[in-house]
Every structure is written in C-alpha cells, then in structure tokens.
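Notes follow once the structure below has been shown.
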Amino acid sequence: MPRLARIFALALLTAAPLPALAQDATGLWRSEATEECYIEVKIAPCGAALCGTIQRARDLAGVEQPYPHSGKRMIWDMVADGQGKWSDGQIWDPRNDRTFASKMELKGNRLAVAGCVLGICQRQDWQRVN
C-alpha cells in the first residue's frame, strides 16, 4: 500500500503544475474603443478550437448600449499553436461586415487579436474583463 500511495502522490505532483503552465484565453475581453464605444467578446472553447461571441457594447463611459450584433459569433476556428498563440481562425468585423483570416496572442491580461489579408495584419489589443 505505501508503494501505491507514493505512485499516486508522484502522479499528483507531476500533474499539478500543468494547468499553471497553460495559457488560457477563455473569458470576457474588451476590444479597443472606437470613437463611440467598445464591445465585450466572450472567448470560449468550440470543439477543439476557440471561438468568440459578442456579448454587449458599452459607450466610452462604460454604460451598456443597445447593439444589433450582440450574440453574434465574431471569432471562430482559433487553433492553439502553444506558447499562448492561436491561429488559422477567422474574425468578422461588424463595422464593415467582412471576414478575415485571424490569429491571437495572449500577453498577460491582454489579447492581441489580428485580422489579416494577404499576410498584412491589423491588430487590436483587448483587455481581459474576467
């Protein structure tokens, strides 16, 4: 029995650090502000990838505003590359109703989200809300 207990303890000690090493982009993120508002996007697993759904819009004072795109998927098919990076995804820009190739990189409480055309990317740094 002591040998079994040691094996079990070793397994727990070995597995315990793994979640701490994983970088997690799931949660609620605030986009960069435009002239009038910013949006909050919930990033969550969708199959083996990550997806993002628009939750709400807020004015620059932080007051929730009616927004016709709330509940719409904005990001999909983001595949983890490791080291806090995701790629091979798509992002929809609600301002012009266009979809772009996309990638993301987690940097602490910031998520660099980029939309790309022919290898040229435009990036926003989103702030973690929770």
Exercise for the section: Look at residue 56 and say whether it is surrounded by 15 or more Cβ atoms within 10 Å (Cβ to Cβ), of a type outside the set (A, V, I, L, M, F, W, C), at pLDDT 95 or above and under 19 Å from residue 123 (Cα atoms). Expected result: no
Practice task
Answer with yes or no whether residue 98 is more than 18 Å from residue 55 (Cα to Cα), modelled with pLDDT of 95 or more and surrounded by fewer than 13 Cβ atoms within 10 Å (Cβ to Cβ).
Solution key: yes
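From 34, 53, which residue is on the phi < 0 side of the Ramachandran plot and touching a Lys or Arg at 6+ places or on another chain (Cβ under 6 Å)?
Matching residue, one of 34, 53: 53.
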Practice task
Check segment 70-93 and report whether any residue there is among the basic types (Lys, Arg), surrounded by fewer than 18 Cβ atoms within 10 Å (Cβ to Cβ) and in contact with an Asp or Glu (Cβ under 8 Å, 6 or more places away or on another chain).
Solution key: yes
Practice task
Could you please let me know if residue 88 is modelled with pLDDT of 95 or more and closer than 26 Å to residue 58 by Cα?
Solution key: no
Exercise for the section: Being within 18 Å of residue 50 (Cα to Cα) and polar (S, T, N, Q) is the filter; apply it to segment 101-130 and report the residue that is surrounded by the most Cβ atoms within 10 Å (Cβ to Cβ). Expected result: 102
Practice task
Scan segment 14-26 and give yes if some residue there is at pLDDT 95 or above and either part of a strand (DSSP E or B) or among the basic types (Lys, Arg) (or both), otherwise no.
Solution key: no
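The values are calculated or read from the model by the stated rules, or taken from the named source; none is laboratory data. For clarity, every value in this text was computed on a predicted model and none was experimentally measured. Positions of Cβ are backbone-derived with ideal geometry, glycine not excepted, and every protein chain shown enters the neighbour counts.
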